[in-house]
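Colleague: Just dropping this structure here.
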Ligand code: CP
């Protein structure tokens, strides 16, 4: 594996999921990363990704340097060929070349703008890292994908030992427009599982066909929940009316009553979660969300070890 920015970078996704499961069952540390440095660059906030990736690198003996580039560095210019006589002081190509010269692996978080679909779905920011970094790149969530989260989620589902589970990816409400990255990425990875997958969302929230094609999609949340074994909740904004939040008449908040329609399903969410908006307290408090969050450490550790092995 040369980079980790989507499932397409992973030669053996099932093997990588198994590596994570092995760490869930028996965490272990090694010194493979001794005298190596992980650089972590954040354009956006993070709790889990930041701490779990840092912990994972330390488990492997690495040093970690962190830059909150949106707050602590110069304003970054992304346009090529532009005359930089405005607010931007540093071009992304210069920033990435310099940062990667201090690291052996470079991780980056860069969210969708939700204002320019073409630019977001071309992954302009991530592509700049891939183009200009002299070391392997790890996505800590890009405009359209969140592969560390999805790898975690797949390992967490397999670890439930439910044979051929019915997995429902359910849209849920949120007061702000959110990217489609977690949902897109989930659909990219869930093909690796022996599972029946249903996507439930209100009209107007169709995901890109690149990710949704081939999956059963319903606008009836109650119907989707019947006999489900895993409920994976996530909000996302509109793809077609990019970044918009079309009005939804029904209540899509996940409640205990709704969960009772399932086959005693396990509730999952990547966190952070808006309590009593996305799901009720009772649903969240009786769920896999903390195990998921802990498993982020193991997923990051499996990815970093894999990348270090081929340096
Ligand atoms: N799930 C997740 O990526 O959490 P953070 O945004 O806190 O990193």
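The values are calculated or read from the model by the stated rules, or taken from the named source; none is laboratory data. From a predicted model like this one, the values you see are computed outputs, not experimental measurements. All Cβ positions, even for glycine, are placed from backbone atoms using ideal geometry, and neighbour counts span all protein chains on display.
Colleague: If residue 176 meets every condition in (1) within 14 Å of the ligand (Cβ to nearest atom); (2) surrounded by 20 or more Cβ atoms within 10 Å (Cβ to Cβ); (3) assigned to a loop (DSSP other than H, G, I, E, B) apart from one, which number is that one?
Modeller: (2)
Colleague: Looking at segment 1-25 only, could you name the residues that are in a loop (DSSP other than H, G, I, E, B) and either over 17 Å from the mean Cα position of the chain (by Cα) or over 22 Å from residue 310 (Cβ atoms) (or both)?
Modeller: The answer is 1, 2, 11, 12.
Colleague: Another question, if that's okay. Could you check how many residues of segment 155-172 are in contact (Cβ under 8 Å) with a residue 12 or more places away in the chain, more than 14 Å from the ligand (Cβ to nearest atom) and over 21 Å from residue 226 (Cβ atoms)?
Modeller: Of the residues in segment 155-172, 3 are in contact (Cβ under 8 Å) with a residue 12 or more places away in the chain, more than 14 Å from the ligand (Cβ to nearest atom) and over 21 Å from residue 226 (Cβ atoms).
Colleague: May I pose another question? Which residues, counting only those in segment 25-50, are free of Cβ contacts under 8 Å to residues at least 12 places away in the same chain and within 16 Å of the ligand (Cβ to nearest atom)?
Modeller: Passing the criteria: only 45.
Colleague: Residues to consider are 288, 271, 258; find the one that is under 21 Å from residue 168 (Cβ atoms), at pLDDT 95 or above and in contact with a strand residue (DSSP E or B) (Cβ under 6 Å, 6 or more places away or on another chain).
Modeller: Answer to the selection: 288.
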